[in-house]
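Below is one structure, written out as structure tokens; comments come after it.
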Amino acid sequence: MAAALASLSGPLLTDSAIPAYFALAMGVDAASALFIGRLYDRIGFPSPLAVPLLSTVLSFLAFSTDSGLVIAGVIAWGAVMGIHETVMRAGIADITPGGARGMAYAVFNTIYGLSWLLGSTLMGALYAKSVAR
């Protein structure tokens, strides 16, 4: 792996391409939100099961040394974000009684935020020890 990273002659994506790939991810986010919202209305809670499936392959794609796989990772990330933003919060409303929804959203967002903090901290530590430095 280190040899593969060391053999790269330049960046996988140019700095100017990064906003375009982010825009691609957000376009996929919007399209997947429409699709998954409609699917959720039809079949209910099993529809967000795509999140862990896509998330599993996401890291392997996004951190690849092949630009095509990186783009596939960008698309997968956009899909995960669209599914998560659309269905996860709707699912909380569906499984929680009306009087407890405020607390349910507070617990969900607290756990989500702390997990994001922990994951970002771990990612920063891994970047600091990267073999490509």
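For the stretch 69-83, state whether one or more residues are open to solvent by 70 Å² or more (accessible area, probe 1.4 Å), farther than 21 Å from TYR127 by Cβ and not basic (Lys, Arg).
Looking through the stretch 69-83, at least one residue is open to solvent by 70 Å² or more (accessible area, probe 1.4 Å), farther than 21 Å from TYR127 by Cβ and not basic (Lys, Arg).
On the given criteria, is THR86 in contact (Cβ under 8 Å) with a residue 40 or more places away in the chain, open to solvent by less than 80 Å² (accessible area, probe 1.4 Å) and closer than 18 Å to LEU49 by Cα?
Values: in contact (Cβ under 8 Å) with a residue 40 or more places away in the chain: yes; open to solvent by less than 80 Å² (accessible area, probe 1.4 Å): yes; closer than 18 Å to LEU49 by Cα: yes.
Taking the combined requirement at face value, the residue satisfies it.
For THR56, work out the one condition from (1) crowded, with 16+ Cβ neighbours inside 10 Å; (2) within 25 Å of ASN109 (Cβ to Cβ); (3) among the β-branched types (Val, Ile, Thr) it doesn't fulfil.
The one condition THR56 does not meet is (1).
With respect to VAL28, determine if the residue is at pLDDT 90 or above, part of a helix (DSSP H, G or I) and open to solvent by less than 40 Å² (accessible area, probe 1.4 Å). Even if it seems obvious, please write down each step before you answer.
Values: at pLDDT 90 or above: yes; part of a helix (DSSP H, G or I): yes; open to solvent by less than 40 Å² (accessible area, probe 1.4 Å): yes.
Considered against the rule, which asks whether it is at pLDDT 90 or above, part of a helix (DSSP H, G or I) and open to solvent by less than 40 Å² (accessible area, probe 1.4 Å), VAL28 comes out as yes.
Go through the stretch 5-17 and report how many residues are open to solvent by 40 Å² or more (accessible area, probe 1.4 Å) and either farther than 14 Å from ALA72 by Cα or at pLDDT 90 or above (or both).
Result for the stretch 5-17: 9.
On the basis of being in contact (Cβ under 8 Å) with a residue 12 or more places away in the chain, in contact with an Asp or Glu (Cβ under 8 Å, 6 or more places away or on another chain) and not aliphatic (A, V, I, L, M), does GLY78 make the cut?
Judged against the criteria, GLY78 is a match.
Condition first: hydrophobic (A, V, I, L, M, F, W, C), touching a Pro at 6+ places or on another chain (Cβ under 8 Å), part of a helix (DSSP H, G or I) and at pLDDT 90 or above. Can you find one or more residues in the stretch 63-82 that meet it?
No, the stretch 63-82 has no match at all.
Quick check on this structure: which one of ASP41, ASP94 is acidic (Asp, Glu), free of Cβ contacts under 8 Å to residues at least 12 places away in the same chain, on the phi < 0 side of the Ramachandran plot and exposed (fewer than 13 other Cβ atoms within 10 Å of the Cβ)?
ASP41
Out of curiosity, is ALA50 in a helix (DSSP H, G or I), small (Gly, Ala, Ser), open to solvent by 50 Å² or more (accessible area, probe 1.4 Å) and under 16 Å from HIS84 (Cβ atoms)?
No, not satisfied.
Residues checked against (1) of a type in the set (A, V, I, L, M, F, W, C); (2) closer than 27 Å to LEU13 by Cα:
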{"site": "ILE43", "(1), (2)": "yes, no"}
{"site": "LEU58", "(1), (2)": "yes, yes"}
{"site": "ALA62", "(1), (2)": "yes, yes"}
{"site": "ILE75", "(1), (2)": "yes, yes"}
{"site": "ARG101", "(1), (2)": "no, no"}
{"site": "VAL107", "(1), (2)": "yes, no"}
{"site": "TYR112", "(1), (2)": "no, no"}
{"site": "LEU122", "(1), (2)": "yes, yes"}
{"site": "TYR127", "(1), (2)": "no, yes"}
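Quick grid of which residues meet (1) in contact with a helix residue (DSSP H, G or I) (Cβ under 8 Å, 6 or more places away or on another chain); (2) among the aromatic types (Phe, Trp, Tyr); (3) closer than 25 Å to LEU49 by Cβ; (4) not in a helix (DSSP H, G or I):
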site	(1), (2), (3), (4)
ALA90	yes, no, yes, no
ASP94	no, no, yes, no
ALA100	no, no, yes, no
ALA104	yes, no, yes, no
VAL107	no, no, yes, no
ILE111	no, no, yes, no
LEU118	no, no, yes, no
LEU126	no, no, no, no
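The values are calculated or read from the model by the stated rules, or taken from the named source; none is laboratory data. Owing to the predicted nature of the structure, the values given are computational and were not obtained by experimental measurement. Reconstructed Cβ throughout: ideal geometry from the backbone, glycine too, with neighbour counts over all protein chains shown. Please note that ligands, DNA and RNA were not included when accessible areas were found on the heavy atoms of the full protein model with its side chains. Shrake-Rupley method; radii C 1.70, N 1.55, O 1.52, S 1.80 Å.
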